[in-house]
Number of protein chains: 2
Amino acid sequence: MLKKLFPGLEWMLTYQKHDLRGDLSAGLIVAIMLIPQGMAYAMLAGLPPVIGLYASTIPLLVYALFGSSRQLAVGPVAMVSLLVLTGVQGLAEPGSSEYISLVLLLALMVGVIQLSLGLLRLGFITDFISHAVISGFTSAAAIVIGFSQLKHLLGIQLPSSENVFELLFEAGRQLSSINSYTLFIGLTSILILVLMKKYVPKLPAPLVVVVYSTVVVYLFDLHEKGVSIIGEVPDGLPSLSLPSWSFEAVSVLMPVAITIAIIGFVESFAMAKVIATKEKYKVDANRELVGLGLANVSASTFSGYPVTGGFSRSAVNYGAGAKTGLAAIITAILIVLTLLFFTSWFYYMPNAVLAAIIMVAVYGLIDVGEAKHLFKVKKIDGFTLLITFAATLTLGIEMGIFIGIVFSLIVFIWRSANPHMAELGYVEEMDAYRNTARFNNAKTVDHLSILRIDSPLYFANIQRVESRIQQSFLKSEEIDTLILDFQGVNDIDAVAIDHLEELMNTYQELNKNIYLCDVKGPVRDTLKQAGWYETFKGKIEFKDLEHVIAYLKSV
Amino acid sequence: MLKKLFPGLEWMLTYQKHDLRGDLSAGLIVAIMLIPQGMAYAMLAGLPPVIGLYASTIPLLVYALFGSSRQLAVGPVAMVSLLVLTGVQGLAEPGSSEYISLVLLLALMVGVIQLSLGLLRLGFITDFISHAVISGFTSAAAIVIGFSQLKHLLGIQLPSSENVFELLFEAGRQLSSINSYTLFIGLTSILILVLMKKYVPKLPAPLVVVVYSTVVVYLFDLHEKGVSIIGEVPDGLPSLSLPSWSFEAVSVLMPVAITIAIIGFVESFAMAKVIATKEKYKVDANRELVGLGLANVSASTFSGYPVTGGFSRSAVNYGAGAKTGLAAIITAILIVLTLLFFTSWFYYMPNAVLAAIIMVAVYGLIDVGEAKHLFKVKKIDGFTLLITFAATLTLGIEMGIFIGIVFSLIVFIWRSANPHMAELGYVEEMDAYRNTARFNNAKTVDHLSILRIDSPLYFANIQRVESRIQQSFLKSEEIDTLILDFQGVNDIDAVAIDHLEELMNTYQELNKNIYLCDVKGPVRDTLKQAGWYETFKGKIEFKDLEHVIAYLKSV
């Protein structure tokens, strides 16, 4: 019972000593990664960098207790940070105390939404977001995030805009005001990050560039030459905070809260599942929602901002040997120590290095390969990705994901409304009935037509099936028997049954017979409900094609 | 070529003398039915009765030439008339010349929409309207139509409202002002209609009550005692009319025009198909849209209002022996003769008898049996009907059908997102592998699990399948082999392939094997695109279960 409430208790109560080594080293490595990332992502979200550190403390502990993944590294991530910025910047000036208060409210809303979805066991609704949609959306968001950092990299003022072209145009106009020291620090940091990622991927590159750039600024007094720095970072632990709220603010923030709740969960859960499968335990969508939801509620209560499980940080955590949630607890403790004793070290850290860290991180999220792969395997799935990508880039984050979801569902409905049907003939070499369109040597008999239907039958496709059946009979006056092979009919609805029933009755009046064979259990149940086993007795019970044909020969 | 343009030419050029008898008698009977119906439905639509007669002339001829059904009886129908009233009454006073001009514009829009859908070959989009939705919608609309006639039956003034309860309440308040002569004529007419329908269904009951009530009014001078009569009906043919239009009017009328275009077509096409199947010819959705579209354009040009193929009139037409479109041409000619010479006969006809005709006609459209039937066969389809019914009755005609369509599609997606999967075991008595949940004697083997998946695999259900596969392996440490029987997998998308691929790779690393068997053609093609026939060579080519198991025993 207690374990159900606190999944974390499971590993706590059975903790194995030999797991400690991995947990310790993973916890340390993730902390080293998280300190610069947390500050960078907070900046991306339009918040003071220290809020990113606050969000990396209590929420991690809460998740370790309530979440079901043992290796997930929870905390600030790029995508959610961007969503926070785009969702709140229209309501208050980024960085202002009103802005921060709205972000706290947003974190609370995200937490409550995730918690409710989890408690109501509604986690499955996220299944309706196709990976093609996520991929197209992520690539587009990565581009938007990357360009949002341009101003920090160039040391100029740019409008807060999601429109990439507007940003580029504006940057072009201000070419002469670019601060070359800032640009130098930014570009060298990017170079170091890229090279280290390629040649020494095990070393903590973000820490290296942070140290490098801070030292350079300090040594050459670059902050007096126009290089923008982090400056004073308050030390001490996050204070208790209660977001002020109004009905108006809640209703305005609702769309972005829902988007963050769902996107944040989907990104996190995908990673949690991959690791769980490898480690032979199971994560559960609803428990994950509860865990992340409570983490977000705690983020809102302790001056943080919305968090979720990060993709790359979790991979690093798992790779560094994390076995249990203790790794995350160690990370949180190290961040707390940093907040208590080391914030003064960040004084000279330039904003440009955080921008560089963000840009390199999100560049890795642009996944052209996935688009190519989907186009190769199934064109329409590639289009889903492309449309989501284009919509996100041109119409904005929330509209993009909405259009992607709707489009992918329409594609599915579309495909199932055009069911695959095959006319079968006898292939002597194989002693089997096969699709005449694929097997040239499949032989058909004059008075008989065999149709295999490869689709569930329901209102939107029954008319096509009906039409195909009529065609089979209209092909020649001689045809007086039609066999429908139902092995691929996994489901049937009442409307489809009515249509078929009318068709069978009409042809019966015309002295033409329709037989069904290989009807599956669930379909059989529904046909029974419709009384077919009385109405069409002797016509629909055949086990398979061979049995109908044997029967037809016998009468 | 010409025949493609004018499907009607087909029967005209090959007209058989022996068809003439049937066509003549059907044409006459439908005309006798159509004269009172046309006037009644025009009144329902808020139009002068003569417009109903105008709509029963040229449009019938146009459809006979361009439509593909030979027995469809085109003209005014109750449902479309109600839609006209609800769509236009907010813009102008029913019966006013401004109202009539807007209705002409509406007819033109309906015609253009249908014509465009037909020419662009988009007829299939109507497949997405489930019969359950149509049925629920029709029953609710019938109730709304019936109550809209209450004022004519009682001889009182009631507001133009779709809200049944409001109408009843208002009528209750005016109980004392009910005209008893009007009520008497209405009730006796209803009685006669009901009794004749039951005992002498072959006789034209509407004609009988029209004659009866007109004679009664004339003999007893009831029009001087408060019984409202048709009065002067202009004689002569419809004049050419050009609807005046404005962008504003077009945009306001667009939703109702789309609704009429689609609902009108669906009702008409359903009937056309039933008859065509019985008569062994084929009707085509797109040609039907062109035929009805042109009929509506002509209705707009000759002072008519939106028309479509009527359900009951077509049944009467077919039942009376109509063989070709000549029957409809004869009907049109008879209506023209009526317009030229007999309109003065309608002077004393009471509105109450038209109300009675409408009420009895639409009462037959309320289909409780269909709701019961759907609930019995498949509950969820019954719910679709009920929800559409309730939404139409409470939220209005257009909202009702929209909610119904969306709900029915969600149901379909929902069902396919919860795919049926069966764990198979060997049933010795049948020498076959069967669902262990249905067959108690199905035997499973310790280290092996067999899973049959009865669903196309796509992004929305792949996570459930994944989860089930993980469960199979987690059930016992001993299980090292899983066979997925793909006979029911009719389709697969790229996202599902990616998920499966990752799963297969992960288990391969854990020294557990997944085999596929009975993979169908279209799925095979997609797996080939994804490179599976190289990656998973030797694991996915098996023809059926027996082949995998024989292979497993051999290694």
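The values are calculated or read from the model by the stated rules, or taken from the named source; none is laboratory data. Small disclaimer: the values here were computed from a predicted structure and weren't measured. As a convention, Cβ positions derive from the backbone with ideal geometry for all residues, glycine included, and neighbour counts pool all protein chains shown. Heavy atoms of the whole protein, side chains included, go into the accessibility calculation; ligands, DNA and RNA do not. Shrake-Rupley method; radii C 1.70, N 1.55, O 1.52, S 1.80 Å.
Most tightly packed first, judged by the mean number of other beta-carbon atoms within 10 Å of their residues, the peptides A:86-94, B:301-309 read B:301-309, A:86-94. Taking the Cα centre of chain A as reference, the dipole from Cβ charges on Lys and Arg (+1) and Asp and Glu (-1) amounts to some 1560 debye. Once you have a ≥ b ≥ c as the square roots of the Cα gyration tensor eigenvalues for the range A:419-554, tell me rounded if a/c is under 1.5, and otherwise prolate or oblate according to whether a/b is larger than b/c. Judged from the Cα gyration tensor, the range A:419-554 comes out rounded (a/c under 1.5). Counting Cβ atoms of other protein chains within 10 Å of each Cβ in B:529-540 and taking the mean gives 1. Put B:223, B:447 in order of accessible area, highest first, and with a 1.4 Å probe you get B:447, B:223.
Kirkwood analysis of the Cα pair distances in the range A:21-371 returns a hydrodynamic radius of 20.1 Å. The overall shape of the range B:487-555 is oblate: from the C-alpha gyration tensor, with semi-axes ordered a ≥ b ≥ c, the ratio a/c is 1.5 or greater and a/b is no larger than b/c.
Normalised by the number of residues in the range A:21-371, the mean separation of alpha-carbon contacts (under 8 Å, six or more apart) gives a relative contact order of 43 percent. For the range A:419-554, the relative contact order is 20 percent, taking Cα pairs closer than 8 Å that sit 6 or more residues apart in sequence and dividing their mean separation by the residue count. Against the criterion of solvent-accessible heavy-atom surface with a 1.4 angstrom probe, A:177, A:97 sort, most first, into A:97, A:177. When the solvent-accessible area of chain B is split by element, carbon and sulfur atoms take up 63 percent of it, the probe being 1.4 Å. If one takes the longest principal axis of the Cα atoms in chain B, at what angle in degrees, from 0 to 90 and to the nearest 10, does the Cα axis of helix B:78-88 lie? The answer is roughly 80 degrees. Cross-link partners of residue B:379 among aspartates and glutamates, defined as those whose alpha carbon lies under 19 angstrom from its own and excluding same-chain residues fewer than eight positions apart: A:491, A:493, A:498, A:501, A:525, B:367, B:370. What is the range A:272-363 by shape, rounded, prolate or oblate, if you read a ≥ b ≥ c off the alpha carbon gyration tensor as root eigenvalues and call it rounded for a/c under 1.5, prolate for a/b larger than b/c, and oblate otherwise? The shape class here is prolate.
Take the Cα of residue B:175, step 7 Å toward its Cβ, do the same at residue A:93, and the gap between the two points is 7.0 nm. With label points set 7 Å from Cα along Cα→Cβ, the inter-copy distances at residue A:281 are 7.2 nm, sorted shortest first.
Could you order A:202, B:378, A:372 by accessible surface area, starting with the largest, using a probe radius of 1.4 Å?
Largest to smallest exposure gives the sequence A:202, A:372, B:378.
Ignoring lysines fewer than eight residues from residue A:17 along the same chain, the ones with Cα atoms less than 26 angstrom from its Cα are A:3, A:4, A:202, A:273, A:278, A:280, A:282, A:323.
The angle between the Cα long axis of helix B:494-509 and the main principal axis of chain B comes to about 20°, on a 0 to 90 degree scale.
For the pairing of chain A with chain B, what total accessible surface becomes buried, with a 1.4 angstrom probe, in square angstrom to the nearest 100? Chain pair A/B: roughly 6400 Å² of buried accessible area. The helix-only estimate of mean residue ellipticity at 222 nm for chain B, built from DSSP H runs of length n ≥ 4 each weighted as -39500 (n - 2.57), is -20000 deg cm²/dmol after division by the residue total. For peptide A:457-464, the mean count of partner chain Cβ atoms within 10 Å of a residue's Cβ comes to 6. For the protein assembly as shown, the direction-averaged projected area of the alpha-carbon convex hull comes to 53.3 nm². Peptides B:392-401, B:35-44, B:162-171, A:113-122 ranked from most to least packed by the mean count of surrounding Cβ atoms within 10 Å: B:35-44, B:392-401, A:113-122, B:162-171. Listed peptides B:283-294, B:3-14, A:515-526 appear in the order B:283-294, A:515-526, B:3-14 once ranked by packing, highest mean of other Cβ atoms within 10 Å at the front. Annotation: lysines with alpha-carbon distance below 30 angstrom to residue A:225 (same-chain offsets under eight excluded): A:151. If we hang a label 7 Å off Cα along the beta carbon direction at residue A:376, how far is it from the matching labels on the other copies, in nm, shortest first? Ordered by distance, the counterparts are at 5.5 nm. Helix A:285-301 and the longest principal axis of the Cα set of chain A meet at an angle near 30°. Based on Cα contacts under 8 Å between residues 6+ apart, the range B:359-502 shows a relative contact order of 17 percent.
Put the Cα centre of the range A:311-362 next to the Cα centre of the range B:119-169 and the gap is 64 Å.
If you count Lys pairs in the range B:418-554 whose Cα atoms are under 26 Å apart, skipping same-chain pairs closer than 8 places in sequence, the total is 25.
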